[in-house]
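A quick write-up on the structure given underneath.
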Amino acid sequence: MKPLFLILVAAVLVSTALRAAQHTINSAGFTFSPTVLNVSPGDTIVFSISGSHNAVQVAQSTWNVNGSLPLSGGFTVPFGGGSIVLTDTGTHFYICTPHISLGMKGRIIVNPPPPPTTTITLNSLADQDGLHGTTTDRVAKNWGLKLYQDSIGSGIVLDSIASGTTLAVAGLGAGTYVAFENDSASWSHISLIVDGVPQGATSQGSWTFTVPAGETHSVSFVNTVPNMIINSGLAFTPDTLTVDVGDTVWFVLTPGHLVREVSQATWLANGTASNGGFNLPTGGGSSVAEAGGIVYYVCVAHAGSGSKGLVMVNPIPPSTITLNSFADQDGSHATAADRIGKTWSMRLYQDSVGSGIVVDSVNSASSLVVGGLAPGVYVAVEADSAPWTHISQTVDGAPQGATAATSRSFSVGSGESRTVDFINHVPNMIISSGFAFSPETLSVDSGETVWFVLDSQHTAREVDSAAWVANDTLSNGGFDLPEGGGAAQMNVAGVAYYVCVPHASGGMKGIISVVVQPSQGALSDTVADGWNLLSYPYLMEDTVVSALYPAASTPAYIYESGYTTRTSIGNGPGYWIKLNGAQVLELSGLLVESDTIPVAQGWNIVGTISEPVGTASIVSVPPGLVTSSFYGYDAGYLSADTLRPGRGYWVKVSAAGSLIISSAPGAAPAAGRFRDLPDGVSRGTGHKPNH
């Protein structure tokens with residue numbers, strides 16, 4: 001038979017041949033087993049059937065009525081069996097000629113081949129002397145590594161490791177990826193090695209790859225930190241290190257070496273009995289010098305050979321770090337008069353967030369003061385700021401400009417006083433300014449949240465209009481927020497009146513106007529395991545494929561005279577997506593009542609709108625473009641007289657132009673409707689016509 005749906009290029013043909021598998025179809029009485037077989041292009045299908053049976057390919061329409069007319073160009077397996085190889089994706093229908101009247105028939109579904117894949121490997125190295133030009137003092141270091149898709153800002157983490165020297169991510173399609181070392185606080189990035197090529201001196205902690213499929217890439221992050229001890233054979237280098245109280249000492253060791261703090265007597269005798277101090281596993285770790293004096297340590301596995309060292313600790317005075325949280329009403333980091341202290345959750349970590357060592361924290365307060373700190377690295381964090389936006393920080397009184405950072409790392413010496421102010425913003429914020437609300441009148445959409453950020457003496461209670469006019473405080477059953485404020489969701493359209501309970505008599509009150517939100521739509525659609533031909537029928541806030549289809553195992557494949565991948569999609573086009581498991585998709589968003597979809601000459605995959613649309617009502621610009629039926633996919637290709645929301649459809653046009661799909665009532669002008677299938681193409685075969 002002639003090719004019906006070709007996506008194969010030379011590279012795919014090669015990879016398909018390498019992956020070709022063999023499948024068997026048996027006969028059991030007057031039944032083929034299995035009756036439905038899923039294969040990949042290039043797989044071998046062996047018919048192991050009795051001598052009274054054969055297998056002949058037919059058209060779907062013939063198959064549906066148990067007919068026996070062979071399909072021109074289709075396969076024929078002789079009586080007693082044989083083997084075939086299919087490369088055309090789609091559904092192939094076949095029968096047993098002498099027994100079709102008894103219903104002896106089957107289907108073979110050839111699924112599209114997966115695209116070739118790329119592998120990216122991330123490595124982490126510690127460099128003792130901090131010089132990118134020397135390499136003999138480097139040791140693999142356990143670290144937090146991540147691989148992002150598109151960009152770090154996308155938030156799409158393809159794979160990560162919290163603590164490891166290597167992260168290898170395989171099975172990647174063509175696209176852009178970002179290798180990232182994500183928790184290197186207190187360390188310095190000094191170099192990168194990309195695909196074996198040193199990049200010279202750089203503090204860069206990430207590397208972006210834009211690659212085709214079928215390649216292998218690597219990036220090694222090279223880092224250094226003060227007070228690092230490595231092993232050179234059975235010796236520690238340096239064997240004597242001097243630090244201050246509160247400093248962190250980093251042991252970066254090759255596997256098989258582990259360090260333990262011991263007493264002086266044990267150290268002199270090359271023993272291994274612990275004195276209750278640090279006891280680090282194979283590969284090393286870190287230890288904070290908590291008191292002045294001499295710290296003795298040995299390698300537990302090699303102490304008998306004299307593998308040991310000293311850390312000399314100088315005593316110094318403690319430091320203080322203060323964390324503050326502010327809400328900024330106008331969202332501009334350049335203005336400060338509209339800020340007010342915001343009760344929030346804050347934490348101070350030692351070394352890094354990844355260390356998990358919380359020095360102090362507060363669940364709900366506008367300030368956190370932590371004193372008595374030894375020198376070292378500390379990280380101030382605002383821990384629960386969703387759905388607010390971080391717009392700036394002020395560090396030690398110095399504004400940092402626009403930044404969305406939720407943390408600040410400090411390298412603190414002795415006897416210092418450090419501060420960090422986190423400045424946040426959220427839409428629909430009302431603050432207290434003296435004994436007035438600001439703004440006094442706010443307009444929001446139904447369903448939105450209003451945030452009251454108030455001084456500790458002020459509250460916000462919803463009242464009816466009469467109570468509001470009279471400066472009264474009688475609740476009408478609406479929101480009733482405590483001192484300091486909180487969040488109120490505005491679900492009822494109209495005007496919400498509110499007052500400050502302690503200060504209503506003085507006229508401290510405001511108004512929220514709630515308008516009806518735009519029309520929303522939702523549907524549930526059952527889809528199959530594997531490849532599905534889909535589109536998105538609603539306006540979307542998040543267009544990322546992995547967010548819209550969490551079970552997707554591939555990006556979206558768009559057809560534009562050939563296949564290209566997309567990690568984000570829009571309304572209008574249709575696309576292929578492979579899903580892990582049959583499931584029910586829950587789709588929602590703002591209604592799309594009509595759409596104008598650009599099309600190119602030849603075959604196109606088009607999407608749908610929010611309501612079912614009969615194909616007879618679809619208009620083309622210019623008129624008369626459409627030369628085929630619309631073909632959907634459901635374990636095979638089927639012509640459709642109605643486009644279903646959420647699905648995609650193949651259609652062929654004679655020239656470039658547009659298709660107008662609308663749910664508005666009324667027939668389309670006759671000149672704009674598409675004509676029937678061209679001569680020589682049969683209906684209802686389950687296949688898309690040649691292109």
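The values are calculated or read from the model by the stated rules, or taken from the named source; none is laboratory data. Since we're looking at a predicted model, the values are computed, not measured. As a convention, Cβ positions derive from the backbone with ideal geometry for all residues, glycine included, and neighbour counts pool all protein chains shown. Surface areas here come from the heavy atoms of the whole protein model, side chains and all, with no ligands, DNA or RNA. Shrake-Rupley method; radii C 1.70, N 1.55, O 1.52, S 1.80 Å.
So the values come out like this:
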| quantity | calculated |
| --- | --- |
| Cα gyration tensor category, rounded, prolate or oblate, for the chain with a/c compared to 1.5 | oblate |
| Modelled label reach - ALA493, point 7 Å along Cα→Cβ, region 522-549 residues with backbone N closer than 19 Å | 522 |
| Cα lying deepest toward the dipole's positive end in region 442-550, options HIS458, GLY530, TYR549, charges on Cβ | HIS458 |
| Region 287-328-region 483-530 distance, computed between alpha-carbon centres (Å) | 52 Å |
| Size of electric dipole in the chain: Cβ of Lys, Arg +1 and of Asp, Glu -1, about Cα centre, debye, nearest 20 | 2440 debye |
| Rounded percent of accessible protein surface that carbon and sulfur make up, the chain, 1.4 Å probe | 53 percent |
| Trypsin sites (Lys or Arg not before Pro), loop per DSSP, at most 12 other Cβ atoms within 10 Å - longest free stretch of the chain | 1-674 |
| Residue-normalised accessible area of region 40-151, given per residue in Å² at a 1.4 Å probe | 37 Å² |
| Structure-based [θ]222 nm, the chain - -39500 (n - 2.57) summed over DSSP H runs of at least 4, per residue, nearest 500 | -1000 deg cm²/dmol |
| Cα-based shape type of region 350-437, given that a ≥ b ≥ c are square roots of the gyration tensor eigenvalues and the cut on a/c is 1.5 | prolate |
| For region 407-469, accessible area per residue (1.4 Å probe, heavy atoms of protein chains only), Å² | 41 Å² |
| Cβ-placed point charges (K, R +1; D, E -1), dipole of region 214-308 about Cα centre in debye, nearest 20 | 280 debye |
| Heavy-atom surface of region 190-246, accessible at 1.4 Å and reported per residue (Å²) | 42 Å² |
| For the chain: lysine pairs under 23 Å (alpha-carbon distance), excluding those fewer than 8 apart on one chain | 8 |
| Longest DSSP-loop-exposure-free segment, GluC sites (Glu not before Pro), the chain, at most 14 other Cβ within 10 Å | 1-289 |
| Nitroxide proxy distance, nm - points 7 Å out along Cα→Cβ at THR240 and ASN38 | 7.0 nm |
